[in-house]
Amino acid sequence: MKKKLTSVLTATILLGLVSSPLALAEDKSPALSKQQSTQSTQDIIKTLKKIPLPSSYYVEYKVYNPKNELESINEYWADVKQSKVLLKSQMMSQVVTSPTGEKRINQGSTLYNLYDKQWFYAYTPYLPLNKKAIKVKDTKTFTFIRDIDGLEEASKHGTTYVYENQEKINGRMAYHFTSTYEGMPAGDIWIDTATGIWVKQTSPNNVLQIATKFEVNPKFSNKTFTIPLPAGLTFKEYPSIAEAMSR
């Protein structure tokens, strides 16, 4: 079975997605007319399924988690033709409460995930030394799938999506879907009408993720898809991500 890699890499376990609510400048343009907003969910899904992914793209997401006041900037470079993806997460700040109730602020961590054809690399600075930099050979070919395919897959497991309207998110028109799981709110997602890539997500616990930079078909250099490691640190190979995390 092929390993599926969504355009937001939602299955990646080593990279958290989280940014400052003050920096989330969103275009508050009104929704489209009632007639346009009453298109059926299935009609919009059919429209999105006809949109091919760009050959390459770059998106910067800003995310804020109010529960632990975690803020970060997540950058995503994708070269679809070359089967390469780089994710960089810069953790801006996080409030951590100790068992004694003392609060402290963690700042400055930068995490990386890289998919390069059949190799997966990760650099996670706060993990133990033997897990900070790992690489895994995956003999299964990963494929890019559109975000709408991810929605359809989630629908098979009990999540229901309903199309609401079109809205502008930082200047880009997007289809807005609400979702429920077993009758309970499961968050909203906005998918770009031109590319099928998501540009905003919210969760029931008020985690906000929003695209603040968006480039379609940019040109990347070979240096783009690399992970800078501290001096003296090299990637350690493991047979699987699960095994790397369990050791």
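Since every read-out is calculated from the coordinates, none of them should be taken as a lab result. Fair warning: this is a prediction, and the values are worked out from it, not measured in the lab. All Cβ positions, glycine included, derive from the backbone under ideal geometry; neighbour counts span all protein chains shown.
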Cα-Cα longer than 30 Å, checked against LYS67/LYS137; LYS213/LYS236; LYS84/LYS236; LYS49/LYS135; LYS84/LYS213, kept in input order, equals LYS67/LYS137; LYS213/LYS236; LYS49/LYS135
Per-residue Cβ contact counts at 10 Å, fewest first, order SER179, SER109, SER246 as SER246, SER109, SER179
With R₀ set to 35 angstrom, the calculated FRET efficiency between the beta-carbons of LYS219 and LYS156, to the nearest 0.05, is 0.40
The extension gain from THR226 to LYS67, computed as 0.36 nm times the residue separation minus the Cα-Cα distance, is 54.0 nm
